[in-house]
Amino acid sequence: MTMAFARAESAAVADSGGFSKPWRYTPLNVSDAEFKAFRDLIFEKSGISLRDSKRELLRTRLGVVIRSKGLGSFGEYYDYVQADRTGRELVAMLDAVSTNVTSFFREPLHFEYLEKTVIPTVIKRQEKTVMKQLRGWSAGCSSGEEPYSIAITLLESSGLVGRWDMKVLATDISTEMLERAQQGEYSDETLKSAPKRLVSKYFSRDEAGGRRRYSINPAARELVSFRRFNLMTPQYPFKRKFDFIFCRNVMIYFDRKTQETLVNKFYNALEQGGALMIGHSESLTGIDHRFRYIQPTIYQKPE
């Protein structure tokens, strides 16, 4: 799609003598038409619904990207993204507008429920099976704090280690966040909610260069598989259903219809009796779904 506002702004830049230094450092403005074009594109490709209140966030974050590529307007950048047949520029754009704020053992009630209710239920369900398997999904895993917290919870649960085939799938739409997650290195700030005993047991500390960093240990790393995945994918390709799904503080970016579609996909991706954990600022109230309410932010697929 070639946009008239892109051509018009490009002409204005040419008339001003090109990319002069004073012009380059002038903040870019996003017109109503440009904001609508990006909002529609982002919603189409990711399901993220940008309200009018997010206009400044989009202007600021994409403005940095636009300048880095030597482009002169949001219209030019829109055309640039649309013209890229590899899809890499679209991914980079979605990376830029995604918000990723997380920490280890954030919303601890969910990890307590995983330990005391979900895991014992799975063990009981499979007590007579030979190949004992446990599968979890961190949907919207950001920089890895959530799936590694899940992995640590599994490793701390009696009766699992050495006897069970355990895997945690961790997915996100942001390639930048996935790269950070796979590195597995974290600051003091992200570990402030983690019990000190677990930090000592599952992290190694490095203070080289005057910066204190914590690296997740191999035992926890081996349980987690990271993959880029768009939750708006029409058909989920998973061969085995999950025993639990964490999707926290992700649906707040979606409109009601998209939330409903996603929740029902999660329902179909769960084992009977499986649990869905959502963020503390989210609710399934007003959404047509088949889950059983357990307590705020925790739902179960009936047995």
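Compactness ratio for region 44-120: Cα radius of gyration over 2.2 N^0.38 Å (N = residue count) comes to 1.59.
With neighbours defined as other Cβ atoms within 10 Å of a residue's Cβ, the residues 156, 179 order from fewest to most as 179, 156. Relative to the Cα centre, the charge distribution of the chain, modelled as +1 at Lys and Arg Cβ and -1 at Asp and Glu Cβ, gives a dipole magnitude of about 740 debye.
Projecting the Cα atoms of 117, 268, 140 onto the dipole axis of the chain, where Lys and Arg carry +1 and Asp and Glu carry -1 at the beta carbon, places 117 farthest toward the positive end. Rounded to the nearest 10 degrees, the inclination of helix 4-15 to the longest alpha-carbon principal axis of the chain is 50 degrees. Based on C-alpha pairs under 8 angstrom that are at least 6 apart in sequence, region 192-303 has a relative contact order of 20 percent.
Mean residue ellipticity at 222 nm, helices only, the chain: -12000 deg cm²/dmol; runs of at least 4 DSSP H residues each add -39,500 (n - 2.57), and the sum is divided by the number of residues. Computed on the chain, with alpha-carbon pairs under 8 angstrom and 6+ residues apart, the relative contact order is 16 percent. Full extension of the chain between residue 272 and residue 228 gives 13.2 nm of extra length, using 0.36 nm per residue less the Cα-Cα distance.
Taking the Cβ of residue 120 as the centre, find all other residues whose Cβ is under 13 Å away and add up their charges (Lys, Arg: +1; Asp, Glu: -1). Taking every other residue near residue 120 into account, the sum is -1.
Over all pairs of different C-alpha atoms in the chain, the reciprocal of the mean inverse distance, the Kirkwood hydrodynamic radius, equals 21.3 Å.
By the count of other C-beta atoms within 10 Å, a proxy for reagent exposure, 186, 236 are ordered fewest to most as 236, 186. Compared with the rule-of-thumb size 2.2 N^0.38 Å for a compact globular protein, region 143-263 has a Cα radius of gyration ratio of 1.18. Relative to the longest principal axis of the Cα atoms of the chain, helix 256-269 runs at roughly 40 degrees.
Going by neighbour counts of Cβ atoms within 10 Å, the residues 212, 248, 67 line up, fewest first, as 212, 67, 248.
With the simple model of a label 7 Å out from the Cα in the direction of the Cβ, residue 207 to residue 90 spans 4.8 nm. For residue 165, put the label point 7 Å out on the Cα→Cβ axis and report which residues of region 271-285 keep their amide N under 19 Å from it. Within reach of a label on residue 165: 271-272. Between residue 280 and residue 128, residue separation times 0.36 nm minus the direct Cα-Cα distance comes to 51.1 nm.
Values in this text are rule-based calculations from the coordinates and carry no lab data. This one's a predicted model, so the numbers in the text were calculated from it and none came from an experiment. All Cβ positions, even for glycine, are placed from backbone atoms using ideal geometry, and neighbour counts span all protein chains on display.
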